[in-house]
Amino acid sequence: MGSEASMEGPDWVDPWTRGQGEARARALFSQTWDGEAKGVWSAPGRITIIGEHTDYNGGLSLPTVTPHRTYVAGRAREDGRLRVVSEAGDWLEGPGRTWECDMDLIDPTTAQGWPAYCAGVVWALRERGFDGPGLDLAITSCVPPGAGLASSGAVECATALAANALWRLALDSDEAHAELAEACLHAEEAIAGAPTGGLDQHTQLRCREGEALELDFSEHPPLAQHRPLYFPDYGLGLLVIDVRTAGRRRTEGFVERQRQCAAAAQALGVASLRELAGAPDARMRIEALADPVLKARARHVVAEIERVSDVCAELANTGPAHERFVHVGKQLYRSHASLEVDFDVSSADLNLAVDSAFRAGVLGARLVGAGFGGSAIALVRRAEADHVAARIDEAFVAEHRPRPRFLMV
């Protein structure tokens with residue numbers, strides 16, 4: 001390899017087992033609050049296989065979940081106070097490791113930084129008429145923050161599951177989990193002040209391990225179809241490449257893209273860009289837009305929705321596996337190109353991750369999440385994952401960029 005640093009090998013982020021995560025959350029709880037936790041609840045990270053920036057456009061998306069999870073240990077109190085400790089609180093934006101507040105006083109001014117994502121869920125559930133006593137919570141996670149894997153969504157969803165159990169709400173069906181997801185979405189927007197289209201929360205509360213979830217955002221809450229994820233059956237997996245770069249104006253960029261997509265839909269005379277997906281005259285209508293930015297944004301969204309339908313069909317197909325997965329991989333590459341050129345949410349690091357993955361022989365690769373930094377994913381043969389990660393790592397070292405971290409799904 002080209003340098004002493006690269007000789008160390010790729011930096012892998014392994015998931016905790018459920019037992020490890022639960023023990024860690026319980027230990028943090030007992031070290032911080034007197035006594036023991038009543039239980040531990042968890043939620044995974046989110047990976048979008050394909051279908052990015054389609055949720056707030058009424059479109060389709062095909063996400064799955066990571067084995068990396070966020071764990072929340074908790075117990076009910078005898079008063080109306082919420083107390084929370086985060087193992088990562090010392091280096092996340094916020095008040096430090098611990099925070100507490102009367103539940104009646106939770107608002108965007110009292111819950112700032114990391115506490116907003118758990119306190120906001122408690123607030124949102126109470127806004128919906130669900131209620132219970134105060135809570136003591138302890139949060140720990142192996143979902144890398146800032147990696148575009150919805151680490152904040154995992155905190156929200158694990159908190160929602162804890163409150164559901166400790167308040168005995170019995171919101172346990174898929175329909176009820178959709179209700180919890182909507183509460184998490186409301187919390188993120190109203191208390192944390194972060195824009196979201198709902199993809200993260202609905203995936204993290206409704207997708208089971210080892211499957212994909214086809215979400216249709218033309219309905220509210222979105223319709224969910226559980227899809228078998230056949231990658232492991234054929235020796236394939238998703239390699240996550242966390243480029244470790246802070247998102248460039250991620251929140252501002254996300255809000256801007258939402259506004260541009262809404263403006264494009266208005267200019268095209270439709271309620272949402274989803275209405276154009278699959279329409280025979282869609283391309284002609286989009287290319288007739290006078291504003292080049294709105295034209296590009298609409299072009300990505302409509303094509304991305306169509307790519308989701310295509311990938312779902314290929315995964316369900318019974319044709320030769322190699323041909324199907326090669327086709328899926330090509331759609332991942334097309335998705336990345338569209339996100340880079342038409343949606344302008346990629347970065348030099350994300351492009352390097354995708355390009356070096358291509359040179360290493362993966363079937364397909366694309367940025368994942370909102371973009372503006374974060375991670376890329378690559379569809380790889382599991383037997384070649386270490387080799388691919390090493391080649392990508394070398395490419396980053398050669399260009400004197402921060403070395404990425406790797407996760408396997």
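Given the rule -39500 (n - 2.57) for each run of at least 4 DSSP H residues, summed and divided by the residues of the chain, what is its mean residue ellipticity at 222 nm, to the nearest 500 deg cm²/dmol? Intermediate values should be presented prior to the final figure.
Working: 12 runs with 170 residues, N = 409.
For the chain, the value works out to -13500 deg cm²/dmol.
Using 0.36 nm per residue, how much length does the chain from D90 to A262 gain when fully extended, once their Cα-Cα distance is taken away?
Details: separation 172, 0.36 × 172 = 61.92 nm, distance 3.85 nm.
Contour length minus the Cα-Cα distance gives 58.1 nm.
Can you classify segment 97-147 as rounded, prolate or oblate using the Cα gyration tensor, where a ≥ b ≥ c are the square roots of its eigenvalues, rounded means a/c under 1.5, and otherwise it's prolate if a/b beats b/c and oblate if not?
Prolate, because a/c is 1.5 or more and a/b exceeds b/c.
Please give the per residue accessible area of the chain, computed with a probe of 1.4 Å over protein heavy atoms only, in Å².
Per residue, the chain has an accessible area of 40 Å².
Within 10 Å of each candidate Cβ there may be at most 15 other Cβ atoms; applying that plus a DSSP loop requirement, which GluC sites (Glu not before Pro) in segment 1-82 survive?
Loop-located and lightly packed - E8, E36, E78.
With an 8 Å cut-off on Cα pairs and a minimum separation of 6 or more residues, tell me the relative contact order of segment 231-372 in percent.
26
Can you give the angle from 0 to 90° between the axis of helix 385-398 and the longest principal axis of the chain, with both taken from C-alpha atoms, to the nearest 10?
So the helix axis and the longest Cα principal axis differ by about 80 degrees.
Can you figure out the FRET efficiency of A170 with A398, using R₀ = 45 Å and their beta-carbon distance, to the nearest 0.05? Mind dumping the intermediate values first?
On the way: r = 55 Å, r/R0 = 1.23.
With a Förster radius of 45 Å, E is 0.20.
Using the charge dipole of the chain (Lys, Arg: +1 at Cβ; Asp, Glu: -1 at Cβ; taken about the Cα centre), state which of A395, L339, A212 has its Cα farthest towards the positive end.
Looking along the dipole axis, the top candidate is A395.
When the accessible area of the chain is split by element with a 1.4 Å probe, what percent falls to carbon and sulfur?
48
Going by alpha carbons, how many degrees (0 to 90, nearest 10) lie between the helix axis of 292-316 and the longest principal axis of the chain?
The helix 292-316 is inclined about 80 degrees to the chain.
Would you mind working out the magnitude of the charge dipole of the chain relative to its Cα centre, with +1 at each Lys and Arg C-beta and -1 at each Asp and Glu C-beta, to the nearest 20 Debye? It would help to have the intermediate numbers written out before the result.
Numbers: 41 positive and 58 negative charges, 110 e Å.
With Lys and Arg at +1 and Asp and Glu at -1, about 520 debye.
Relative contact order of the chain, please, whole-number percent, based on alpha carbon pairs below 8 angstrom and at least 6 residues apart.
21
Give me the angle, in degrees from 0 to 90, between the Cα long axis of helix 250-268 and the longest principal axis of the Cα atoms of the chain, rounded to the nearest 10.
Result, in degrees: 60.
Select from segment 27-100 those trypsin sites (Lys or Arg not before Pro) which occupy a DSSP coil region and have at most 15 other Cβ atoms within 10 Å, ordered by residue number.
The qualifying sites are K38.
List the relative contact order of segment 288-403 as a percent without decimals, with contacts defined as Cα pairs under 8 Å and 6+ residues apart. Walk me through the numbers on the way to the answer.
Details: 120 pairs, mean separation 23.5, N = 116.
Relative CO of segment 288-403 lands at 20 percent.
Which trypsin sites (Lys or Arg not before Pro) in segment 168-229 sit in a loop by DSSP (not H, G, I, E or B) and have at most 16 other Cβ atoms within 10 Å of their own Cβ?
Within segment 168-229, the qualifying trypsin sites (Lys or Arg not before Pro) (loop, at most 16 other Cβ atoms within 10 Å) are R168, R208.
The values are calculated or read from the model by the stated rules, or taken from the named source; none is laboratory data. These numbers were taken from a predicted model, which means no experiment stands behind them. So basically every Cβ, Gly included, is an ideal-geometry build from the backbone, and we count neighbours across all protein chains shown. Ligands, DNA and RNA are stripped out before the accessible areas are found, and what is left, the full protein with its side chains, is counted by its heavy atoms. Shrake-Rupley method; radii C 1.70, N 1.55, O 1.52, S 1.80 Å.
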